[in-house]
Amino acid sequence: VCLTACYAREQALVAVAAGAEYLAPYVGRMDDAGLDGHAEAEAMHAVARGLGGGTRIFAASLRTSSSLARLAAAGLDTFTFAPAVAR
């Protein structure tokens, strides 16, 4: 199960409680909406780890390689991004 289109760290609580394998924050879309998508994704990761559940953060809507690197440095390891980001 993947809880998708997540925009708030509180949704990590729901994902872990429901036993979801993945929670997918749309980092780029959060940034577009004036939120700090990276901070939210990192906080979701911290919540999931803190609760000891197996839920992994599947960071989506990544638009730059620096975004991917920042999240990887914070411990996230599952991503989806456009081919242009990989170039």
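The values are calculated or read from the model by the stated rules, or taken from the named source; none is laboratory data. Being a predicted model, the structure only gives us computed values, none of them experimental. Cβ: placed from backbone, ideal geometry, glycine included. Neighbour counts: every protein chain shown. When the accessible area is computed, the model is the full protein with side chains, heavy atoms only, and any ligands, DNA or RNA have been set aside. Shrake-Rupley method; radii C 1.70, N 1.55, O 1.52, S 1.80 Å.
Using θ = phi - 60° and the Karplus curve 6.51 cos²θ - 1.76 cosθ + 1.60, what whole-Hz ³J(HN,Hα) does each residue of the range 14-24 get, with Gly and Pro shown as x?
Here the 3J(HN,Hα) series is 5, 4, 5, 4, 7, x, 5, 6, 9, 10, 10 Hz.
Count the net charge of all other residues whose Cβ sits under 15 Å from the Cβ of SER67, scoring Lys and Arg as +1 and Asp and Glu as -1. Could you put the intermediate results ahead of the total?
Details: positive: ARG29, ARG63, ARG70, ARG87; negative: ASP31, ASP32, ASP36, GLU40, GLU42, ASP77.
Cβ neighbours under 15 Å give a net charge of -2.
In whole Hz, with x marking every Gly and Pro, tabulate ³J(HN,Hα) for the range 30-47 from phi via Karplus 6.51 cos²θ - 1.76 cosθ + 1.60, θ = phi - 60°.
5, 4, 4, 7, x, 8, 9, x, 5, 4, 5, 5, 5, 5, 4, 4, 4, 4
Roughly how many Å² is the accessible area per residue of the chain, as a whole number, for a 1.4 Å probe?
Normalised by residue count, the accessible surface of the chain is 52 Å².
Assuming R0 = 22 Å, what is the FRET efficiency of ALA8 and ASP31, from their Cβ-Cβ distance, to the nearest 0.05? Intermediate results must be reported in sequence, preceding the final value.
Numbers: r = 14 Å, r/R0 = 0.65.
Efficiency, from the Cβ-Cβ distance: 0.95.
With an 8 Å cut-off on Cα pairs and a minimum separation of 6 or more residues, tell me the relative contact order of the chain in percent.
On the way: 156 pairs, mean separation 24.2, N = 87.
Dividing the mean separation by the residue count of the chain yields 28 percent.
At a temperature of 10 °C and a viscosity of 1.306 mPa s, determine how fast the range 6-87 diffuses translationally according to Stokes-Einstein, using the Kirkwood radius over alpha-carbon pairs as Rh; express D in µm²/s, rounded to the nearest whole number.
Using the Kirkwood radius from Cα pairs, D works out to 128 µm²/s.
Tell me what the chain gives for mean residue ellipticity at 222 nm when only DSSP H runs of n ≥ 4 count, each as -39,500 (n - 2.57), the sum divided by the residue total, rounded to 500 deg cm²/dmol.
Values: 5 runs with 42 residues, N = 87.
Helix-only estimate at 222 nm: -13000 deg cm²/dmol.
Relative to the Cα centre, what is the charge dipole magnitude of the chain, using +1 at the beta carbon of each Lys and Arg, -1 at the beta carbon of each Asp and Glu, and rounding to the nearest 20 debye?
Dipole size: approximately 200 debye.
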